[in-house]
Every structure is written in structure tokens, then in C-alpha cells.
1. Using 0.36 nm per residue, how much length does the chain from Phe119 to Thr201 gain when fully extended, once their Cα-Cα distance is taken away?
2. In deg cm²/dmol, rounded to 500, what helix-only [θ] at 222 nm does the chain give when every DSSP H run of at least 4 residues adds -39500 (n - 2.57) and the total is split over its residues?
3. Using a 1.4 angstrom probe and counting only protein chains, how large is the accessible area of Trp53 in Å², to 10?
4. Please compute the contact order of the chain in relative form: average sequence separation of alpha-carbon pairs under 8 Å and at least six residues apart, divided by the residue count, as a percent.
5. Tell me, what % of the accessible area of the range 1-127 is carbon and sulfur with a 1.4 angstrom probe?
6. In the Gaussian network model of the chain, springs joining C-alpha atoms below 10 Å, which of Thr131, Thr227, Thr69 carries the largest mean-square fluctuation?
7. How much area per residue is accessible in the chain when the probe is 1.4 Å and only protein heavy atoms are counted (Å²)?
8. In degrees, nearest 10, range 0 to 90: what is the angle between the Cα axis of helix 207-216 and the longest Cα principal axis of the chain?
Amino acid sequence: MFKEIGYVEALFRYPVKSMAGQRLESAELGWHGIEGDRRLALRRIGEHSGIPWLTASRLPELVLFTPVTSDNDSPAHLPSHIRTPEGNDLPVYGTELAKEIERRYGAPVEMTHLRNGIFDDASISVIASETVREIGELAGLSLDVRRFRPNVLVRLLESVPFQEDRWMGNSLSFGPGNNAPAIAVTMHDIRCSMVNLDPDTARPASEIMKAIVRANQNNAGIYGTVTRAGRIAVGQTIFLHSSTEASEPARSK
């Protein structure tokens, strides 16, 4: 059983973990998420914990650094440079960028490339515009969706916030037909302090996370695992499939 629930309002990818994202009109959805998404991250040198990456929860200014690609590059191409908040373009793997981040963070880092991506929980994140708007109303602020760093922003047919929670254990497909790209909805998106950071200034607003906690036990949006690869695009219709219709994920061989 399946039903239409809305359409793709916007698509984003984040070439470097915790840095500014890129808005896309279309993207290739592969087995490891959107092509080029979170393939790079800053590793804290000498850090031997299970999560060595430097993120904006430790250095909020990271959200002000912007990955730069050539106008002729496809979205799949990784950035060659990073634009600092002051407007300087520094090579991704250059010592200048590493030193600039070290100056702000206070400890050495290096850029790392992982071919299959660097994800905290799952490779695809989805949130509805209605959920973002509700959180903003509860917090008394007009919120930019970039605070939530989704891959897919959904505009729902039924304007009910936190509707994403109903999708758990089911799957979403993008576009009509049995071969449309699809994801299995596997996890709630449990929010961290990054939602508090203004994407243009990095200034925090703690009332945002507090609003999510009050309204929905700190859940806003969902994570998914890709079950059918393909091209996704702004404007595509999104269908919710019951668990009996969900596709099986590809098995590793």
C-alpha cells in the first residue's frame, strides 16, 4: 500500500562535515547517500576516540566555512577550495586551511576524505517544511531550514508538523513507478545543539532546541537508508509505502 504525501521542496548536500551546505536542483542518490555528501571531514589529530571529527558542536564557526566548486563542475565533484568567513579561498588539502582551523579551534586538524561518506547515524536525512515552521513558532523565531541540515526538504500535502514520525518502519519513494529511488525510514533524527546555530552568523539560539524537546521529545525529521538508487530532483512527488511494500536494502557481497 502506498500514498502520495508531498513533494521535494529542496535538496542539499554538505561536502565537508559541519561546513556550509550546497543547495541542488537534482542529485544522484546512491547506496551511500547523495553523491558527494559529507565525503570530507576535519580530523582532530591525536584524537583517539570513536568520533575524531571536528564538528560545529565543538567549533560553531565551521558553519561559516563554504566549500567552493567550479561553475563547470557537476554536483558530484568535491570542492577544490574552502572559503573562509573573511572571503579567502584556501585549498582543501592545503596547510593554510589546516592552520586557519587550528587557530580558531586551538588544536591541530587535517582534512580527511572517506569515499563512502562520514555520517553520524545514517546517509540520508529528511525533514518537512511544516515541522520547521512549527518549531520556529514555538521558539518565537523565523527559522532557516539550513539550521537542520537536511538532505531532503519535503512540502507535505497534509500540513501536520512532525508527521515524519509516522513514517518510521516504512519507506519513501521519489517519483512515480516501481523503479523510483527509495529510502527505508530507519531512525528519528534526534537533534543536537547544531540546530541552535544561525547558518549565517554561527550565533546560538538555545530556544530552538528547547522547543524541539518540548514539542516532540527532541525529534525533528528522520534518517533513512537507501534501498533503490537513482536521480532525485526538486519537484518530485514523494510516496509513502507501508512496511509490506518497502524495498529490501542491497546486501554487501
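1. On the way: separation 82, 0.36 × 82 = 29.52 nm, distance 2.43 nm.
Gain in length upon complete extension: 27.1 nm.
2. The per-residue figure over the chain is -4000 deg cm²/dmol.
3. 40
4. On the way: 575 pairs, mean separation 69.2, N = 253.
This gives 27 percent for the chain.
5. Working: 2930 of 6180 Å².
Solvent-exposed carbon and sulfur of the range 1-127 make up 47 percent of the total.
6. Taking springs between Cα atoms under 10 Å, the residue moving most is Thr69.
7. On the way: 12070 Å² over 253 residues.
With the other protein chains kept in place, the chain gives 48 Å² per residue.
8. 30
The values are calculated or read from the model by the stated rules, or taken from the named source; none is laboratory data. Everything numeric here is computed off the predicted structure, so don't read it as measured data. Note that we place each Cβ from the backbone using ideal geometry, even for glycine, and neighbour counts take in every protein chain shown. The protein model used for the area step is the full one, side chains on, heavy atoms only, and it has no ligands, DNA or RNA in it. Shrake-Rupley method; radii C 1.70, N 1.55, O 1.52, S 1.80 Å.
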